[in-house]
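The values are calculated or read from the model by the stated rules, or taken from the named source; none is laboratory data. The model shown is predicted, which means the values in this text are computed figures rather than measured ones. When we count neighbours, we look across all protein chains shown, and the Cβ atoms used for this are built from the backbone with ideal geometry, even at glycine. Accessible surface is based on the protein model in full, side chains and every heavy atom, while ligands, DNA and RNA are left aside. Shrake-Rupley method; radii C 1.70, N 1.55, O 1.52, S 1.80 Å.
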Amino acid sequence: MRYFDTRFLEEADKFIAALKPKTIKKLLYNIDLAEQTNDPRLF
């Protein structure tokens, strides 16, 4: 169950693209986890 959907602004896409691949993977993992969990520490 998803509690919300994340939509990135164009500026955010550019910023994320400039990060290291390992950092991008961790960031997207955490966002995906936060979408599926009702945990205030993640959001």
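Of the residues making up the chain, those that are in contact with a Ser or Thr (Cβ under 9 Å, 6 or more places away or on another chain) and among the hydroxyl-bearing types (S, T, Y) number 1. When segment 12-40 is filtered for residues that are within 22 Å of R2 (Cα to Cα) and touching a helix residue (DSSP H, G or I) at 6+ places or on another chain (Cβ under 9 Å), the ones remaining, listed by number, are I24, L27, L28, D39. Taking the chain as the range and being assigned to a helix (DSSP H, G or I) and open to solvent by 100 Å² or more (accessible area, probe 1.4 Å) as the test, the residues that pass are E10, E11, K14, F15, P21, K22, K25, K26, Y29.
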